[in-house]
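Notes to accompany the following structure.
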Amino acid sequence: MLVTGGSRGIGLEIARRFSAAGASVTITARREPALRAALGELGERSHAVAGDAADPDHAATAVAAAVERFGPLSVVVANVGGAPYAGPLVDAPTDALLKTFNRNVAAPLNFVREAWRQSMEREGGVIILIGSLGGMRVRSGNGAYNITKAALHHMARQLALELAPGVRVISLVPGLIRTEFALPLYEGREEDTARELPLGRLGEPADVAELALALASPAAGWVTGVEVVVDGGASLLSGGRTAPTERQSRLRRL
C-alpha cells in the first residue's frame, strides 16, 4: 500500500496500522528526515519516496517504486492536504486558490491516475481519499480549503463510478483530529473544544487509521463512492462561527 503525507499525523498512523496488519507500506512526504524517522517505526517491509505530492512526476515515481519493490499496489491512501490561505473566500488571491486546489484535489488525482495505470487497472484495489468535515459544512474563515475538500469528496464519487468494478474509492472524512496540522483549531482550549462534541473528546489519528484499515478490508467489499465520517458527532451539530477566529487564521500546512 501507499500513503501520501505518511511521515506524521494521520498519514503516519495509517501507515503504522497497515504495517502492523502485515502490509508492505510505501510512504511519501516532502521532507526526507521526517520520512527516515517514520521508516524506523514501520519495519522492514516499508519504503519512502520524498517529493511534492502536487508534482505529477513525483506521483509517477512513487507509485513505480512501490510496485517495483512490493508488487501490485492494492491500497492507496491520499492523505496530503493543506490550507495555504485562511480568510474570506471572496478575498482569496487566485494564486492561493490554485495552490490549495493543487494540493487538495490535483495531488490526490495524480496518485490515483498513476496507481490505476501502473497496477490497479489490471489488479484492482482500494483508494481512500482523506477529506474533511469542512468539505461538508459551510463555515466562515477557511472557505478555500473547504471548497477544495468538497471537490475531493465529489471526485471520489466520480472515480468510484469510473474505476468500478475492480477498484473501490471512498472518502474518509475526519473531524477535528489531534494533530500538528489542526493544532491552531484547539490550542489553549482543548478541554472546552472536546466538551462541545457529542462524544466528549477530540479525535486521535488512530480513530482515522483504524477505520481506514477496515474500509480497505474485505469486510467493506461492497462499499464505494461514499463519504465515511469520523468526527465524534460534530456533524450532528448545527451552525458555525460567523467570522474567522485567530486560530483559523493561523491554520497553515506546516
Revision key, fill the gap. Residue set 130, 177; condition within 22 Å of residue 7 (Cβ to Cβ), at pLDDT 95 or above and aliphatic (A, V, I, L, M); output residue 130
Practice item. May I ask you to list pairs of residues, at least six apart or on different chains, whose Cβ atoms are under 7 Å apart, with the first in segment 73-96 being under 24 Å from residue 171 (Cα atoms) and the second being surrounded by fewer than 21 Cβ atoms within 10 Å (Cβ to Cβ) and β-branched (Val, Ile, Thr)? Key: 73/67
Point to revise | Subset of segment 231-241 that is open to solvent by less than 60 Å² (accessible area, probe 1.4 Å) and assigned to a loop (DSSP other than H, G, I, E, B) - its residue that is modelled with the lowest pLDDT | key: 240
Practice item. Can you tell me which residue among 66, 15 is over 22 Å from residue 159 (Cα atoms), not in a loop (DSSP other than H, G, I, E, B) and not basic (Lys, Arg)? Key: 15
Review point. Given the residues 208, 223, 228, which is the only one that is at pLDDT 95 or above, under 21 Å from residue 186 (Cβ atoms) and surrounded by 14 or more Cβ atoms within 10 Å (Cβ to Cβ)?
Key: 208
**Study point:** Selection within segment 50-101 - touching a helix residue (DSSP H, G or I) at 6+ places or on another chain (Cβ under 8 Å) and among the aromatic types (Phe, Trp, Tyr)
**Key:** 85, 101
Practice item. Please find, within segment 61-73, the residue that is farthest from residue 124 (Cα to Cα) out of those that are of a type outside the set (D, E, K, R) and open to solvent by 30 Å² or more (accessible area, probe 1.4 Å). Key: 61
Exercise for review: Check 81, 51, 6 and return the single one that is within 20 Å of the chain's Cα centre (by Cα), closer than 21 Å to residue 211 by Cβ, modelled with pLDDT of 95 or more and not charged (D, E, K, R).
Suggested key: 6
Exercise for review: Tell me, please, whether a residue that is in a loop (DSSP other than H, G, I, E, B), open to solvent by less than 60 Å² (accessible area, probe 1.4 Å) and at pLDDT 95 or above can be found in segment 242-254.
Suggested key: no
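The values are calculated or read from the model by the stated rules, or taken from the named source; none is laboratory data. Source: prediction; values computed, not measured. For neighbour counting, all protein chains shown are included, and Cβ atoms are generated from backbone atoms with ideal geometry for every residue, glycine included. Just the protein is used for accessible areas: all its heavy atoms, side chains included, with ligands, DNA and RNA removed. Shrake-Rupley method; radii C 1.70, N 1.55, O 1.52, S 1.80 Å.
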